[in-house]
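Structure record follows, encoded as structure tokens.
The values are calculated or read from the model by the stated rules, or taken from the named source; none is laboratory data. Quantities reported herein were computed from a predicted structural model and do not represent experimental measurements. Here the Cβ positions follow ideal geometry from the backbone for every residue, glycine too, while neighbour counts run over all protein chains shown. Calculation scope for accessible area: heavy atoms of the full protein, side chains included, ligands and nucleic acids excluded. Shrake-Rupley method; radii C 1.70, N 1.55, O 1.52, S 1.80 Å.
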Amino acid sequence: MSGGRMRRVDEAVRAVLSDAISSQLKDPRVGFVTVTGIKTSPDLRHARVYVSILGGDAERAESLAGLRSAHGFLQRRLSQELRLKHTPALTFELDKSIDRGMRITELLDEGASD
């Protein structure tokens, strides 16, 4: 599958999941979650969903557990919203790029103040 089509599929999956998580998911364990990216396999059988979760480590772990338990509901939402040959199996992973970016900013600020 071409890179442009994969990018469009990833963006469509991200939009559907973001909407479903924010407005339709009723699990109390899931806190403030932002879908930051999707990486779909070329055969569209698997999708890695990167999420950013506001809160401490305990809240993040709880929200991630809630998302993993709701993967069937979220896959069903995908199949209803998108016309794909295969609905990808979802795997949720914590996106640590925001934390790394904040750490780099802290280090740069410390270096500038010295």
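Convert 20 °C to kelvin, take the viscosity as 1.002 mPa s, use the Kirkwood radius over C-alpha pairs of the chain as Rh, and evaluate the Stokes-Einstein diffusion coefficient in µm²/s, rounded to a whole number.
Rounded, D is 141 µm²/s.
Relative to the longest principal Cα axis of the chain, at what angle does helix 57-69 sit, 0 to 90 degrees, rounded to 10?
10 degrees
How big is segment 59-114 in terms of Cα radius of gyration and Dmax, in angstroms?
Cα radius of gyration and Dmax of segment 59-114 are 18.3, 57 Å respectively.
Please enumerate, by chain and number, the lysines with C-alpha under 23 Å from the C-alpha of residue 39, excluding those fewer than 8 residues away in the same chain.
Cross-link targets: 85, 96.
Leaving ligands, DNA and RNA out of it, report the carbon-plus-sulfur percent of the accessible area of the chain at a 1.4 Å probe.
The computed percentage sits at 52.
Which value at 222 nm does the chain reach when only helices count, each DSSP H run of 4 or more adding -39,500 (n - 2.57), with the total divided by all residues and rounded to the nearest 500 deg cm²/dmol?
Only helices count here, giving -18000 deg cm²/dmol.
Angle check, please: helix 97-113 long axis (alpha carbons) against the longest principal axis of the chain (alpha carbons), in degrees 0 to 90, nearest 10.
20 degrees
Between the helical axis of 71-81 and the dominant principal axis of the chain, each derived from Cα atoms, what acute angle in degrees is found, rounded to the nearest 10?
60 degrees
Size of the dipole of segment 2-113 about the Cα centre, Lys and Arg at +1 and Asp and Glu at -1 on the beta carbon, nothing else charged, in debye to 20?
760 debye
Rounded to the nearest 5, what % of the DSSP beta bridges within the chain are antiparallel ones?
Close to 55 percent.
Count charges around residue 70 for me, please; just the other residues with Cβ under 12 Å from its Cβ, Lys/Arg as +1, Asp/Glu as -1.
So the surrounding residues net to +4.
Report the local net charge at residue 27: Lys and Arg +1, Asp and Glu -1, summed over other residues whose C-beta lies under 11 Å from its C-beta.
The answer is +2.
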